[in-house]
Amino acid sequence: MTREAIVNFFARREEAWKRHDAGALAGDHAENGVWESPMAGTVSGRTEIERVYRAWFTGFPDLKPRWDELLIDEGHAAQFGLVSGTDTGGFMGLPPTGKAFQVPALFYYQLRDGKIVRLRIVYDFTGLLVQVGVLKVKRV
C-alpha cells in the first residue's frame with residue numbers, strides 16, 4: 001500500500017468508528033488476522049475480531065476514539081489517541097456502572113495487501129477498570 005492509500009484506509013476506518021460499524025471495521029482485517037489487547041487477549045480470525053468490536057460498542061455505546069497522529073512506515077502504522085466512553089452496556093460479563101472512562105491508547109497495525117494482519121492495542125486497562133468503578137483503589 002502506498003502512503004496515500006494507507007492514509008485513505010485510516011480515514012475510512014475513522015468514519016466506521018464514528019458509526020460503530022463493527023462489520024466494516026472487522027472487514028479491514030485479513031481473514032486470519034490477529035487482534036491483541038488487554039481486554040480481548042489474543043484473538044484470531046475476522047469473525048472473532050468483529051465480536052471484540054461489538055463487545056466494545058455494546059459495553060460502551062458512546063465509545064469514541066480521538067486520534068492524535070498516524071505514523072506510517074512500510075506496511076506498519078501506529079495510531080495514537082484518546083479513547084473514551086461510558087459503561088452503560090456492561091462489559092466482560094459485568095453489570096453496567098454508568099461511569100465514564102478516558103485512556104490514552106496506541107493502536108499498532110501490520111498491513112499486508114490492503115488488510116490488517118495484526119493489530120496490537122496498548123492502553124491502561126487497570127486505569128479503565130478503576131475509572132468505570134469495577135476496581136476500587138485506596139487513595140492515600
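The values are calculated or read from the model by the stated rules, or taken from the named source; none is laboratory data. Because the structure is predicted, anything quoted here is derived from the model rather than measured. Positions of Cβ are generated from backbone atoms using ideal geometry, with glycine treated the same way; all protein chains shown enter the neighbour counts.
Go through the stretch 50-85 and give me each residue that's touching a residue at least 40 places away in the same chain (Cβ under 8 Å), in contact with a helix residue (DSSP H, G or I) (Cβ under 8 Å, 6 or more places away or on another chain) and among the hydrophobic types (A, V, I, L, M, F, W, C).
Of everything in the stretch 50-85, those that are touching a residue at least 40 places away in the same chain (Cβ under 8 Å), in contact with a helix residue (DSSP H, G or I) (Cβ under 8 Å, 6 or more places away or on another chain) and among the hydrophobic types (A, V, I, L, M, F, W, C) turn out to be Leu63, Trp67, Leu70, Ile72, Ala77.
Within the set of pairs 6 or more residues apart or between chains, which connect a residue that is farther than 16 Å from Trp56 by Cβ and at pLDDT 95 or above inside the stretch 1-22 to a residue that is surrounded by 18 or more Cβ atoms within 10 Å (Cβ to Cβ) and of a type in the set (Asp, Glu) with Cβ atoms less than 9 Å apart?
Every condition considered, the pairs that remain are Phe9/Asp28; Arg12/Asp28.
What pairs come out if I take residues in the stretch 88-111 that are exposed (fewer than 13 other Cβ atoms within 10 Å of the Cβ) and pair them with residues that are among the acidic types (Asp, Glu) whose C-beta lies under 8 Å away, six or more apart or interchain?
If the second residue must be among the acidic types (Asp, Glu), the pairs left are Gly98/Asp87.
Please work out if Phe101 is more than 14 Å from Lys115 (Cα to Cα) and assigned to a loop (DSSP other than H, G, I, E, B).
no
Tell me the residue from Thr97, Thr58 that is of a type in the set (Val, Ile, Thr) and within 19 Å of Ala22 (Cβ to Cβ), please.
Residue meeting the stated conditions: Thr58.
Go through the stretch 94-140 residue by residue and tally those that are of a type in the set (Ser, Thr, Tyr) and farther than 30 Å from Gly27 by Cβ.
Summing the residues that are of a type in the set (Ser, Thr, Tyr) and farther than 30 Å from Gly27 by Cβ in the stretch 94-140 gives 2.
Collect the residues in the stretch 11-29 that are of a type in the set (A, V, I, L, M, F, W, C) and under 13 Å from the mean Cα position of the chain (by Cα), keeping them in residue-number order.
Ala16, Trp17, Ala22, Leu25, Ala26
Considering each residue of the stretch 30-80, count those that are at pLDDT 95 or above, part of a loop (DSSP other than H, G, I, E, B) and under 11 Å from the mean Cα position of the chain (by Cα), and give that number.
1
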